[in-house]
1. Could you grab me the full set of residues in the stretch 198-215 that are surrounded by 19 or more Cβ atoms within 10 Å (Cβ to Cβ), without any contact (Cβ under 8 Å) to a residue 60 or more places away in the chain and within 15 Å of the ligand (Cβ to nearest atom)?
2. Which of (1) among the β-branched types (Val, Ile, Thr); (2) within 16 Å of the ligand (Cβ to nearest atom); (3) touching a residue at least 40 places away in the same chain (Cβ under 8 Å) is the odd one out, the single condition Val41 does not satisfy?
3. Please pick out the residue among Arg114, Arg137 that is away from the ligand (no atom under 16 Å from the Cβ) and in contact with a His (Cβ under 9 Å, 6 or more places away or on another chain).
4. Within the stretch 127-144, which residues are out of contact with any Lys or Arg (no Cβ under 9 Å at 6 or more places or on another chain) and part of a helix (DSSP H, G or I)?
5. Return the residue satisfying two criteria in turn: it lies in the stretch 78-96 and is in contact with an Asp or Glu (Cβ under 9 Å, 6 or more places away or on another chain) and within 16 Å of the ligand (Cβ to nearest atom), and of such residues it is farthest from Lys3 (Cα to Cα).
6. Taking the stated definitions as given, is Gly119 crowded, with 20+ Cβ neighbours inside 10 Å, modelled with pLDDT of 95 or more and of a type outside the set (D, E, K, R)?
7. Give the number of residues within the stretch 222-242 that are within 14 Å of the ligand (Cβ to nearest atom) and part of a helix (DSSP H, G or I).
Amino acid sequence: MRKKIVAGNWKMNLTKNEGLLLVEGVLNGVGDTDTKVILGVPFPFISDAVSGVDGSAISVAAQNCHQEEKGAFTGEVSVEMLKSFGAEYCIVGHSERRQYFGETDELINQKIQRLLASGIIPIYCCGESLEERESERHFKVMEEQIQSALQGFQKDELKKIVIAYEPVWAIGTGVTATPEQAQEMHKFIREKLAQVLVDEAEEVSILYGGSVKPNNAKELFSQKDIDGGLIGGASLSAPDFLEIIHSF
Ligand code: PGA
């Protein structure tokens, strides 16, 4: 059985007190669940978020990392730093990083290598733009993103990566992919993974992201190949995030 995961992505939101309240709200309301809950927080929150969830099954994720081990990269944060502060996961390749910071599949591949070498689980984001979907190139684009970002990994490494399919046109727009559209792409991604992993592709958690809200999570999560969600806007409200977690 593959893991069901609901991961929040706070992006660049919240001040210290707001963040602490949110961690507390999630912790107090999560209860007994077999869904893996992850909080994807900005760098300055990692330490407090890790202390805040201590003793619970909730994990903390960073939203980015640098691909080099260490050195003269002013303003950057290394994977070893993340690890030493207790982050267990790291989001990589988010479409906002691709769009605003020019991240390429090649760079993302390097970041994933660095994360796996340090034992941090990458949450690899991929997804097509509106223009790519409208011109019916979405499967081709996804195939390229999966193949180039995930190339060169051994089976046992590849198996550890969490995939988040996030169609760019659905992120922060309020337009969600229909459960059928999402399922179709998740199945396609799993088939691509199976070219390397064979049967073990069934063990990889593939999350859907893009305007997941309490009112659509249940239907999305009931699809065969959707193993959870990467939640942006709705993860900033403890009640909404909790409702999403509990919609499995
Ligand atoms: P959204 O963001 O839920 O606000 O659409 C999802 C994401 O960017 O991870």
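The values are calculated or read from the model by the stated rules, or taken from the named source; none is laboratory data. Values in this document were obtained by computation on a predicted structure and should not be read as measured data. Here Cβ is always computed from backbone atoms with ideal geometry, including for glycine, and neighbour counts include all displayed protein chains. With ligands, DNA and RNA removed, areas are computed over all heavy atoms of the protein, side chains included. Shrake-Rupley method; radii C 1.70, N 1.55, O 1.52, S 1.80 Å.
1. Result: Ile206, Tyr208, Ser211, Val212.
2. (3)
3. One residue alone meets the criteria, Arg114.
4. Leu130, Arg133, Glu134, His138, Phe139, Lys140, Glu144
5. Ser95
6. For Gly119, the condition - crowded, with 20+ Cβ neighbours inside 10 Å, modelled with pLDDT of 95 or more and of a type outside the set (D, E, K, R) - is not met.
7. Total satisfying the criteria: 6.
Yes/no matrix, rows are residues, columns are (1) of a type in the set (S, T, N, Q); (2) assigned to a loop (DSSP other than H, G, I, E, B); (3) more than 19 Å from the chain's Cα centre (by Cα); (4) away from the ligand (no atom under 16 Å from the Cβ):
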site: Asn13; (1), (2), (3), (4): yes, yes, no, no
site: Asn28; (1), (2), (3), (4): yes, no, yes, yes
site: Ser47; (1), (2), (3), (4): yes, no, yes, yes
site: Ser56; (1), (2), (3), (4): yes, yes, yes, yes
site: Glu68; (1), (2), (3), (4): no, yes, yes, yes
site: Gly71; (1), (2), (3), (4): no, yes, yes, yes
site: Glu76; (1), (2), (3), (4): no, yes, yes, yes
